[in-house]
1. If you take the residues of the stretch 491-523 that are part of a loop (DSSP other than H, G, I, E, B) and of a type outside the set (Asp, Glu), which of them is surrounded by the most Cβ atoms within 10 Å (Cβ to Cβ)?
2. Mind checking which strands (runs of 3 or more DSSP E) fall wholly inside the stretch 140-208 and carry at least 3 residues that are more than 59 Å from the chain's Cα centre (by Cα)?
3. Test of understanding: among ILE220, ILE249, ILE268, which residue is under 30 Å from THR315 (Cα atoms), of a type in the set (A, V, I, L, M) and touching a strand residue (DSSP E or B) at 6+ places or on another chain (Cβ under 8 Å)?
4. Based on what the data block shows, is PRO112 within 26 Å of SER299 (Cα to Cα), free of Cβ contacts under 8 Å to residues at least 60 places away in the same chain and in the same structural domain as ILE235 (by TED's automatic domain parsing)?
5. Can you find even one residue in the stretch 15-31 that is in the same structural domain as ASN176 (by TED's automatic domain parsing), modelled with pLDDT of 85 or more and over 59 Å from the mean Cα position of the chain (by Cα)?
6. If the requirement is being surrounded by 15 or more Cβ atoms within 10 Å (Cβ to Cβ), over 27 Å from GLY224 (Cβ atoms), modelled with pLDDT of 85 or more and touching a Gly at 6+ places or on another chain (Cβ under 7 Å), which of these qualifies: ILE174, ILE98, ILE123, ILE91?
7. Given the condition outside any loop (DSSP other than H, G, I, E, B) and surrounded by fewer than 18 Cβ atoms within 10 Å (Cβ to Cβ), answer yes or no: does some residue in the stretch 576-583 qualify?
8. Residues ALA629, ALA635, ALA650: which one is outside any loop (DSSP other than H, G, I, E, B), of a type in the set (A, V, I, L, M, F, W, C), exposed (fewer than 14 other Cβ atoms within 10 Å of the Cβ) and at pLDDT 90 or above?
Amino acid sequence: MIAALVACLFGLLKLGQPIDHAYWNARFRLERVEAPQSIILVTTPRGSRYTELSDVALANLIDQVVAQAPKAIYFDQPINFGAESETAKKIRALGSKITVVTRPASVERFDPEAVQIPDRSVIGDARVAYSGWFVNFLSYAQGSPNAVEAGGKVYPSLAVDLAGGEASPSAYFIPNFAVDPESIRIVSARQLSSGEIATGLLTGRSVIISADRTAADSQIGYFGHGRVNPVAMDIAGAVSVSAARSNNIGDLPMLFVFVLGAIAIARIGHTHFRRSAYAVLAIGVFASPAILQSFGFYSPPSTGVIALSVFGALTLWSKWRRRVLQTSASGLPNFVALSDAKLPPNHDIVVAVIGRYEEFLATLPASLHAECAAQVARRFAVGSGIEQIYHGENGHFAWFEHSCPLDQQTEHFEGMRALFAAPLLVGGHMFDTNVHFGLDRNYHLDAVTRLNTALASANEALKAGRTIEQFEASRLADAPWELSLLARIDEGMKNGDIWLAYQPQWDYRGARVCGAEALVRWNDPVRGPIRPDAFIVQAEKAGRIDALTYWVFEEAITAAQAMAGILPGFQMSINLSAQLVDKPSLLSSISEIVRRRGIDCREFTIEVTETAAVYNRPAAVQNLQQLRAMGFRLAIDDFGTGESSLLYLAELPSDELKIDQHFVSRILTGEREREIVKSTISLAHALKQSVVAEGIEDQATFELLSRMGCDTGQGFFIGRPEGFEQFRQSCLAMRLSKVGS
């Protein structure tokens, strides 16, 4: 029903002229009708071969026509002669016995209200008829008014006058394009003047005296025949008017019939019969305009064709959309179907995810993918008691189930996990599976949002190794903030909400501040201070850590250059994300900064964590080695906390180890931690590397590290991270006093 109504809308649009043109051209090539023999065309040569006697010759031609006593004489020649010309005198002498035909200068600009009537001082009391056609985009005739009104008088069209029809300005006719222009009886002026034609040929007939225009001269098109002499169009119009079979019924009747047919067919229950009925409707749409025209009723074929095309396209799209609601492999309804479904009240949306599901499919032939999904769905159906299981991508399955207390739900899901303790057996392939669940209970939200929250929860449960994860409403409230976080980071770097804090580093041997670590901070005007791990991790996940890192480089360089005059040999430490360290663009980007800022790379330390999270570990190590070759010092940050710190230490010729504060903060009370710190310092020195101890928060720890031989200290006891101006003032104060004294 909706498809039919939309098809109607498109059918009413006037976009179908090319379709109409092609249709009528084809239609009138198939039917030929002889032109009426009661109309004879007397043609005069183009440009007239009578030279200066052409006016006299034309007047003589009129006499010769009159001499044969025709029924009517039509003078269809350009009125470009004066009132004293022989032709004008002859026309005035004949009076109402002759009809002068007036035509517009261009068929493309025909305006019934602007018809030019010949000067009466030239034509006297001669009758006047006009010939003008409304045309399509290719200047093919489409119809004409029966008459026009000018100067308070009504003038018939040439076709209507030839047919003896009623000259009504409100009536409209369409030529009968079936009339074959080649069958029009034509006599040349030379034949008439030389007596080559039989006496009485013109007697009792309508004679049109017209210039010998060929199809090449014509500006007007004739459906089924191309360009023709415009007089042929008038004769075809006369045939149409004589038969009184020229009724333009417009778009609406065909459109109405099409809509009724489409609605009726849609109610047919049997698929085979319905398809046959649609085929009949399509044939009818194409054949009806031609059938109607044969009875004198014209209706644009484009209306039905466009309506049928749009209706068919919408029907196919609707079927395709319904088919899309089924997964192509498993035949189960997918998550699009779930999103469109009406959720029962007080029901949870449960999404289960099968770990390593894509790996299972990769080992199976494509023909068994549906069987794999079907087996998983059957287990969920058995465990949940729900018949309808929806299948998503990447091993996700979903269903609705009635809400119950969370502890019962958790117990229920643990029972369902037991169903998957038995391996899947698909086509001789055996798989061990594990399943995790995401739960949404935000009943006030729409189905799409609830499905997405349940999906997010299932993925988190899989990642964390938990049975179930529930997406809380409070977390949903923070979702817009998290989703717009990256744009806010860009804005914060521009307006100063994101800034760098500098934490001083103390040189034990020189008993002075020797450098600082640049730490990024964010004070949002709405949410206040935001923890670095809250936004840096988000930027890393989204692959947008690049801009933030290079911004830190630029800001830290500016600060280091300002500190160089205060503390000679000042060393600035900058953190490099593990998500950036293996990128091919890292070296070119940093090299460009170095070139543009003109810095000495030896005054900067790049801190990197262990590279277990790096996708391309060899590329990461190579990048770091090249940065060191440029002159940067390399520091292994948080040493001792990563899974592969010792391997990283062996691979990378670093300059500095930073002992994580987890160990440093416990060296006073924990013997194991104290020994670990001591042995790390010894190991670093044996590898000719310096050591930085992080997390020094009291004097005793500060002094113990000094006795252990630590090179550099960092922590709240030495100085807190501060904005640059406060940091500079603190460094000046520390230069005048000794930490720990």
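1. TYR508
2. Of the strands (runs of 3 or more DSSP E) lying wholly inside the stretch 140-208, those with at least 3 residues that are more than 59 Å from the chain's Cα centre (by Cα) span 185-188.
3. ILE249
4. yes
5. no
6. The conditions single out ILE91.
7. No, the conditions are met nowhere in the stretch 576-583.
8. Testing whether each residue is outside any loop (DSSP other than H, G, I, E, B), of a type in the set (A, V, I, L, M, F, W, C), exposed (fewer than 14 other Cβ atoms within 10 Å of the Cβ) and at pLDDT 90 or above leaves just ALA629.
The values are calculated or read from the model by the stated rules, or taken from the named source; none is laboratory data. Treat the numbers as computed from the prediction; the structure is a model and nothing was measured. So basically every Cβ, Gly included, is an ideal-geometry build from the backbone, and we count neighbours across all protein chains shown.
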